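A.B. asks: Structure incoming, see below.
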Amino acid sequence: MARDELFGTPAEKPAGEKSAPDTFKSQPLAARMRPRNLDEYSGQTHILGAGQLLRRAIEADRIQSLIFYGPPGTGKTSLAQIIARQTKSKFERLSGVESNVADMRRVLSAAANRLENIGATTILFIDEIHRFNKAQQDVLLPDVESGVIRLIGATTHNPFFFVNSPLVSRSQIFELRPLTEDELYALVQRALTDAERGLGYLNIQADESALHHLARLSDGDARKALNSLEIAALTTSPDQGGTIRITLAVAEQSIQKKAVVYDGDGDAHYDTISAFIKSMRGSDPDAALYWLAKMIHAGEDPRFIARRIVICAAEDVGLADPMALVLANACLAASEFVGWPEARIPLAEATIYIATANKSNSAYKAIDAALEDVRSGRTIAVPEHLRDGSYAGAKKLGHGVGYEYAHDGKGHFVAQHYLGADKKYYEPTEQGVEKKIKERVEKWRAEFARLRRPSGES
């Protein structure tokens, strides 16, 4: 069969060959395979499984306003359409990218008339709702509050950060998760056998390894998996027997580079860097390297990664291994100097060093404790003997009088009052280098303690 015949009319096909309905010819496979009911819906069992809250609410027609958020291709639009169909509601759709206030008022007015005249409910689905500014989102509030519409918002961004609080408080929030490899594998298999909406009208033989490859590299995105399958089917010439064979090599060409789910200013950005830092703090170099690789693959700014490494070196390694901060700063300078792709090497070196270093957060805790005292306690005046005594007249004020130069003392130490109060912020650990620091600090603190004892006490 010739390549052009794949989209021919039924009359043009050889006798006995299955045909795709004409109405679906111009639509991508992902659009044709949209689930029509909850039984056809793939994934999201944590909210749509038997007995789960959202499923019970849909089946009982007790849906109020909802906000779905999650990565692309997880079924936000499909789920909204299923809810409208299941609840026999009028489905209106707006886009946060394309629609304006006039569009919103038109739809809201029509919904109010529909409810008043025939008692029909309206589901207003707003895709990319986070794109609406505060004033646009506020337009929705009265009709959401009064029940004129049931709002279903969809967003790839965390609504608690990107959607107005009044709208969030009037809605139930559900997070949609990327589909698993098994769920995507079942989805592409269904598309291959569905002659009405899928590719079942074609004579296709797909290797199991090819389908698993598509499912794995789609990164949880059903749309990507289905459209990649369609590309593989419609760009592969049939063999002499009229069979289209989708091999692993064909699948690799059809999906090409894996598109990692990663938004530069949203959840994926902050969640990934959080996992990266926590893996270094938790002394797991392998996990830290994976999260680093994900950020590199997604094109993250190397300076952003390096700055977080510097922070982790100071906060989590600290004085247990002071060289970590030195290495982290060298990594920052190198990353700025060389850029991608070479920056991956110093970033990996610093990541491994910090993940495998001794850990201490004593410096982090010490400065925060001191800051808390400054913020909430009475300000301590600088003791007279520590004040600047370098200018004329300073001694007349008593500034600098009685100060003892530490280097003149034994071991370059002189016990004297440096704060004028009994405060202890730094608590050294016994981790790595800090164990020796602790020994010195305890010795010096014992000397300071003698100064504070009343005369006559030993």
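A.B. asks: Just checking, does region 101-117 include any residue being of a type outside the set (A, V, I, L, M), buried (at least 17 other Cβ atoms within 10 Å of the Cβ) and outside any helix (DSSP H, G or I)?
C.D. replies: No, the conditions are met nowhere in region 101-117.
A.B. asks: Here's something else I'd like to know. Is one or more of the residues making up region 63-77 in a loop (DSSP other than H, G, I, E, B), modelled with pLDDT of 90 or more and farther than 19 Å from T156 by Cα?
C.D. replies: No: region 63-77 contains no residue that is in a loop (DSSP other than H, G, I, E, B), modelled with pLDDT of 90 or more and farther than 19 Å from T156 by Cα.
A.B. asks: Which of the numbered conditions does G411 fail, given that it passes all the others? Conditions: (1) at positive phi; (2) in a loop (DSSP other than H, G, I, E, B).
C.D. replies: All conditions are met except number (2).
A.B. asks: Is it fair to say Q81 is among the polar types (S, T, N, Q) and on the phi > 0 side of the Ramachandran plot?
C.D. replies: Here the answer is no, as Q81 does not meet what is asked.
A.B. asks: Suppose the filter is more than 29 Å from K76 (Cα to Cα) and in a helix (DSSP H, G or I); does A249 pass it?
C.D. replies: In short, yes.
A.B. asks: Which is basic (K, R) and either part of a loop (DSSP other than H, G, I, E, B) or in contact with an Asp or Glu (Cβ under 6 Å, 6 or more places away or on another chain) (or both), of R197, R223?
C.D. replies: R197
A.B. asks: Is there any pair linking a residue in region 164-182 that is in contact (Cβ under 8 Å) with a residue 24 or more places away in the chain and farther than 17 Å from L54 by Cα to one that is among the aromatic types (F, W, Y) and crowded, with 16+ Cβ neighbours inside 10 Å, with Cβ under 9 Å and at least six apart or on different chains, and which?
C.D. replies: Hits for this filter: N164/F132.
A.B. asks: Another question, if that's okay. Among the listed residues A80, A31, identify the single one that is among the small types (G, A, S), outside the structural domain of R170 (by TED's automatic domain parsing), closer than 29 Å to D194 by Cα and surrounded by 13 or more Cβ atoms within 10 Å (Cβ to Cβ).
C.D. replies: A31
A.B. asks: If you don't mind, there's one more thing I want to ask. Could you list, in sequence order, all residues of region 417-434 that are aliphatic (A, V, I, L, M) and in contact (Cβ under 8 Å) with a residue 40 or more places away in the chain?
C.D. replies: Selection gives A421, V433.
A.B. asks: Could you please find all residues in region 311-326 being under 16 Å from P285 (Cα atoms) and hydrophobic (A, V, I, L, M, F, W, C)?
C.D. replies: If the condition is that a residue be under 16 Å from P285 (Cα atoms) and hydrophobic (A, V, I, L, M, F, W, C), then C312, A313, V317, A324 are the ones that fit.
A.B. asks: Could you please find all residues in region 385-403 being loosely packed, with under 11 Cβ neighbours inside 10 Å and either of a type in the set (S, T, Y) or under 26 Å from W444 (Cβ atoms) (or both)?
C.D. replies: D388, S390, Y391
A.B. asks: Determine the pairs where a residue that is assigned by TED's automatic domain parsing to the domain that holds L94, located within region 116-139, has a partner that is assigned to a helix (DSSP H, G or I) and acidic (D, E) with Cβ atoms under 9 Å apart, the partner being 6 or more residues away or on another chain.
C.D. replies: L124/D143
A.B. asks: Does L184 satisfy the criteria of being assigned to a loop (DSSP other than H, G, I, E, B) and crowded, with 19+ Cβ neighbours inside 10 Å?
C.D. replies: no
Every residue, every condition in (1) assigned by TED's automatic domain parsing to the domain that holds L141; (2) surrounded by 21 or more Cβ atoms within 10 Å (Cβ to Cβ), yes or no:
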site: T155; (1), (2): yes, yes
site: F162; (1), (2): yes, no
site: P166; (1), (2): yes, no
site: V188; (1), (2): no, yes
site: Y201; (1), (2): no, no
site: L248; (1), (2): no, no
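A.B. asks: Of the numbered conditions (1) farther than 16 Å from A357 by Cα; (2) surrounded by 16 or more Cβ atoms within 10 Å (Cβ to Cβ), V338 fails exactly one; give the number of that condition.
C.D. replies: Of everything listed in (1) farther than 16 Å from A357 by Cα; (2) surrounded by 16 or more Cβ atoms within 10 Å (Cβ to Cβ), V338 misses just condition (2).
A.B. asks: If you go through region 118-128, how many residues are assigned to a helix (DSSP H, G or I) and crowded, with 22+ Cβ neighbours inside 10 Å?
C.D. replies: Total satisfying the criteria: 0.
A.B. asks: Scan region 189-216 for residues that are more than 31 Å from the chain's Cα centre (by Cα) and not hydrophobic (A, V, I, L, M, F, W, C) and jot them down.
C.D. replies: Listed by number, the residues that qualify are T193, D194, E196, R197, G198, G200, Y201, N203, Q205, D207, E208.
A.B. asks: Now, a different point. Among the numbered conditions (1) more than 24 Å from M323 (Cβ to Cβ); (2) within 52 Å of the chain's Cα centre (by Cα); (3) at pLDDT 80 or above; (4) surrounded by 12 or more Cβ atoms within 10 Å (Cβ to Cβ), tell me where P428 comes up short.
C.D. replies: Result: P428 fails condition (1) only.
The values are calculated or read from the model by the stated rules, or taken from the named source; none is laboratory data. It should be emphasised that the depicted structure is a prediction, and the values quoted were computed from it without experimental measurement. Please note: Cβ atoms are built from the backbone with ideal geometry, for glycine as well, and neighbour counts cover all protein chains shown.
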